[in-house]
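I have placed the structure first, in the form of structure tokens, so that the comments after it can refer back to it.
The values are calculated or read from the model by the stated rules, or taken from the named source; none is laboratory data. Everything numeric in this text was worked out from a predicted model, so none of it was measured. Neighbour counts run over all protein chains shown; Cβ positions are idealised from the backbone, glycine included.
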Amino acid sequence: MRFIIACGGTGGHFYPGYALGKALIGRGHEALFLLRKDDPAGPRLAAEDLPFAELDLRGLPRRPTLELAAVFFKLLGSLRVARNILKAFRPEAVAGMGGYLSFPLSAAAAMGRVPLILHESNSVPGLANRLCLPFAESLALGLPLKAPLSSSVPMRLIGTPIREELWLRRDPGKARGALELDPGRRTLLVFGGSQGASSINQVLPQGLGLLKKRGAELQVLHLAGRKDAPEVQRLYDEAGIQARALAYLDAMHLAYAAADLAVCRSGAATLAELAAQAKPALLIPYPAATAGHQEANAAVFERAGAAKILMEPFSADSLAQALGTLLDEPQSLSHMSSAYARIGLPGPQECVRMLADLAEQAARKKA
């Protein structure tokens, strides 16, 4: 069978589609990936000799501007290209991973009567998936929804696919040694995405400095982004805190293994990784996230008892208080790890299997 998977735009949309495509190829099927023009994921697919096509499309501006006309015309052009791709490739089913690329593919699939499945990573569905839902055979959910959707489309909680190296949990001491950290010291992992998070970068060293004055002994692995990493390292050094501030770390499997507690944003991909590793977390939702979806995502974990939420803006003192509450009780982090079972997410390997099963089920309807 043949499948087309729209997964371009951001890493949070790309990797679930990539994982689905690889799983379908592993089952003997063909998969064509659909990316945006000049998508950074293109070279990765080309290096693995995985076929992909591109659409010249960009997301809608969040406020009414003159750009709306240009976006509308690009959307019409992308719909025409998507229809041509479907006619040439002749898929049995298509899949949209969320994001604006899902819409032209979904609309073209509806016109061509090709079955469609959707995957929504966030607790609050994005605009593209809400627009595409009437065309879909099923909706796979990465997290429990904040509010029910008024739709008869079948929905199934499967989680969000993550990189295979994060499926397994590793020895903390060995991971710390590999990262040039003290193997025996409690470790805090701090990150805010690939570019870092300025608010977290600025306040964390101050907050941990306050904790140190109260007697807390821990070390920090802080992924601060290229711009802020040198300054963040300087702030830790001034505060006398044992820390490694890095611009970026590809080996996130080591970072999660090394950490007793994570301080991070609450994007869907990050939360899927935390769940796979059962890692206690202090979540700081990105305040500008569309429709407040990061706060809704974080609330799922806090209700289960697996994480605590700290909202922006926050001070060094409020941050120190939040961290101190988590670190002072020896059993609290262990209880948070155990609480992940209450969310009801399948394991990462099962997640990919379930998503591929949904794609195959949709394809059989056309056959």
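For region 336-367, filtering for residues that are under 15 Å from ILE4 (Cα atoms) and under 20 Å from the mean Cα position of the chain (by Cα) leaves 2. For region 281-317, a residue qualifies if it is in contact (Cβ under 8 Å) with a residue 60 or more places away in the chain and exposed (fewer than 15 other Cβ atoms within 10 Å of the Cβ), and the qualifying residues are THR290, ALA291, GLU312, PRO313, SER315, ASP317. Meeting the requirement of 2 or more residues that are in contact with a Pro (Cβ under 6 Å, 6 or more places away or on another chain) and more than 30 Å from PRO205 (Cα to Cα), the helices (runs of 4 or more DSSP H) wholly within region 308-367 are 348-366. Scanning region 23-40 for residues that are assigned to a helix (DSSP H, G or I) and in contact (Cβ under 8 Å) with a residue 40 or more places away in the chain gives ALA23, LEU24. Restricting attention to region 80-113, the residues that are assigned to a helix (DSSP H, G or I) and buried (at least 23 other Cβ atoms within 10 Å of the Cβ) total 8. Select from region 212-232 the residues that are part of a helix (DSSP H, G or I) and without any contact (Cβ under 8 Å) to a residue 24 or more places away in the chain and list them in ascending order. Listed by number, the residues that qualify are LYS213, PRO230. GLN294 satisfies every condition listed in (1) closer than 14 Å to LEU333 by Cα; (2) touching a Pro at 6+ places or on another chain (Cβ under 7 Å) except (1). Applying the criterion of being in contact with a Pro (Cβ under 7 Å, 6 or more places away or on another chain) and part of a loop (DSSP other than H, G, I, E, B) to the residues of region 255-283, the residue that is nearest to GLY344 (Cα to Cα) is SER266.
Filtered by the rule that a residue be among the hydroxyl-bearing types (Ser, Thr, Tyr) and in contact (Cβ under 8 Å) with a residue 24 or more places away in the chain, region 333-367 gives SER337, SER338, TYR340. When GLY173 is tested against (1) surrounded by fewer than 20 Cβ atoms within 10 Å (Cβ to Cβ); (2) of a type outside the set (Lys, Arg); (3) part of a helix (DSSP H, G or I); (4) touching a strand residue (DSSP E or B) at 6+ places or on another chain (Cβ under 6 Å), just one condition goes unmet, and that condition is (4).
Looking at this structure, is LEU235 farther than 27 Å from ALA275 by Cβ, touching a residue at least 12 places away in the same chain (Cβ under 8 Å) and buried (at least 18 other Cβ atoms within 10 Å of the Cβ)? Criteria met by LEU235. The residue pairs whose first member lies in region 78-105 and is farther than 10 Å from ALA128 by Cα, whose second member is among the polar types (S, T, N, Q), and whose beta carbons are closer than 9 Å, counting only pairs six or more residues apart or on different chains, are ALA82/SER106; ALA93/GLN361; VAL94/SER106; ALA95/SER102; LEU105/SER78. Given the criteria among the aromatic types (Phe, Trp, Tyr), touching a helix residue (DSSP H, G or I) at 6+ places or on another chain (Cβ under 7 Å) and part of a loop (DSSP other than H, G, I, E, B), does TYR286 qualify? Yes: the conditions hold for TYR286. For VAL232, indicate whether it is in contact with a His (Cβ under 7 Å, 6 or more places away or on another chain) and more than 20 Å from ALA281 (Cα to Cα). Taking the combined requirement at face value, the residue satisfies it. Checking the condition out of contact with any helix residue (DSSP H, G or I) (no Cβ under 7 Å at 6 or more places or on another chain) and surrounded by fewer than 15 Cβ atoms within 10 Å (Cβ to Cβ), which residue from GLN321, GLN331 passes? Sole residue among the options that is out of contact with any helix residue (DSSP H, G or I) (no Cβ under 7 Å at 6 or more places or on another chain) and surrounded by fewer than 15 Cβ atoms within 10 Å (Cβ to Cβ): GLN331.
Pairs linking a residue in region 136-148 that is assigned by TED's automatic domain parsing to the domain that holds MET97 to a residue that is surrounded by fewer than 23 Cβ atoms within 10 Å (Cβ to Cβ) and among the polar types (S, T, N, Q), with Cβ atoms under 8 Å and 6 or more positions apart or on different chains, are GLU137/GLN361; SER138/GLN361; LEU139/SER151.
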